[in-house]
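Just below is one structure, and these are the notes that go with it.
Just so it is clear, none of the values below were taken in a lab; they were calculated from the coordinates. Predicted model only: the values in this text are computed from it and were never measured. Virtual Cβ from ideal backbone geometry, glycine too; neighbours counted across all protein chains shown.
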Amino acid sequence: MCYLSLFNNDTEIISLRNVNRVQNVVVVIVCRRKMMTQVPKVRLAGGLEVCRILNGMWQVSGAHGPVDQTKAVQAMQAYVNAGLTTFDMADIYGPAEEIFGHFNSQVKSKASGDALQLLQGLTKWVPRPGPMDRKVVEKALQRSMSRMQVESLDCVQFHWWDYRDRRYLEALGHLSDLQQDGLIRELSLTNFDTQRLEEISNRGIRISSNQVQYSLIDQRPAAKMEAFCLSHGIQLLTYGTLAGGLLSERYLGKEEPTGRAELSNASLSKYKNVIDSWGGWGLFQELLVALDTVAKHHSCSIANVATRYVLDRPVVGGVIVGCRLGIAGAEHIEDSLRSCRPELALTPGDLRPVEDVLQRSRDLMSLIGDCGDEYRK
Ligand SMILES: NC(=O)c1ccc[n+]([C@@H]2O[C@H](COP(=O)([O-])OP(=O)(O)OC[C@H]3O[C@@H](n4cnc5c(N)ncnc54)[C@H](OP(=O)(O)O)[C@@H]3O)[C@@H](O)[C@H]2O)c1
């Protein structure tokens, strides 16, 4: 007797259609569907549940090449179908909030009941220097709400360019009041350092999360930020975790990319600069080799190891993975899902050769400063 199986572990049987016996071969015709990987979630201080892998929308700002908004909206469905329902954007990411808004209105028109809460849209408010009275703050939030087609904002992550201008405290006071009024669920920060995070918390302003750069090559949050967040129930949402895609097989054994043709989008050039400060292309290649060994051992990708390394850090609520929405072949959904599978457990033994490379890198904390200081030089 012989049984034929054409399926892998990612599918589940939903119905058995026919069973035939042909010359001692049992032919089972089944209808199978792709099993949705359970994407782990984390609850922020205000109660909002977000996926631990978030879809980053800086990639539709225009800084990563031209964007077809219709295709970008269509592309979002595949992420949601896979369980990746949390999107990260900003008021300054070109049409990102509008793209989310169009998709959100499509989802709402089809959904009912609980499904109306299907998406989580995290935005940022990145104001130019200027007056920070309540009207200014409220106007900024209303603009995001109207673009995102929502009645209130799931999460506002506040950015500030210059700490010498102390009006960030005024702005945060109004944001906190507007949160009490129900306009915002989670009040968060992006690119704030530990000193200011402490100052803000000491004023009684409840911060849910701080979005910062955190990756194998930029581990500045581990120096001070993590301990403070741990003691104050603040989560870190991380970006740059894949170094714009440089932390992947695509760059393993490759010549150093230079110039605009090779560093063809804003993420690649941003994180190539980080690599240069961190230790240079030679050391980075050694890191990729060490990561590739770990990846092969776990039958996963370098991106999975790089993501999981950061996801496993204390207080990291989620890793934001940039998505070039609507660009054919730029979708990494299946691979991203592997990063959060329970069976991908990175052991100290796995990571020893990786740590050996990291030990030979420069200390970015002393070179650049604490989280976000790169935006304030
Ligand atoms: N708060 C801030 O100041 C700030 C700053 C930067 C970013 N962010 C946020 O973080 C998000 C992430 O952006 P990022 O610039 O830091 O980029 P990133 O997430 O480090 O890299 C994204 C790129 O990595 C590649 N990639 C993704 N998954 C992959 C996989 N499984 N295997 C191989 N390659 C993979 C893709 O490149 P290809 O498209 O070329 O395939 C993708 O465009 C942004 O969208 C934004 O939401 C925030």
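Quick look at the values:
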read-out: Three-way shape call for the stretch 260-359 based on the alpha-carbon gyration tensor, with the a/c threshold at 1.5; value: oblate
read-out: Cα gyration tensor shape for the chain, rounded if a/c is under 1.5, else prolate or oblate; value: oblate
read-out: Nearest 10 degrees, 0 to 90: helix 167-180 Cα axis against the chain principal axis; value: 60 degrees
read-out: Cross-link pairs LYS270/LYS377; LYS71/LYS139; LYS71/LYS110; LYS108/LYS135; LYS272/LYS377 - those with Cα-Cα distance over 21 Å; value: LYS71/LYS139; LYS108/LYS135
read-out: Tilt relative to the chain, helix 302-311 - C-alpha long axis, 0 to 90 degrees, to 10; value: 50 degrees
read-out: Relative contact order, percent, the chain [alpha-carbon distance under 8 Å, six or more residues apart]; value: 18 percent
read-out: Crossing angle, helix 134-148 versus the chain [Cα axis fit, 0-90 degrees, rounded to tens]; value: 20 degrees
read-out: Sum of -39500 (n - 2.57) over DSSP H runs of 4+, divided by residues of the chain (222 nm, nearest 500); value: -11000 deg cm²/dmol
read-out: DSSP bridge pairs, the chain: antiparallel proportion in percent, nearest 5; value: 30 percent
read-out: Distance between modelled label sites at ARG313 and GLN180, nm, 7 Å Cα→Cβ extension; value: 3.4 nm
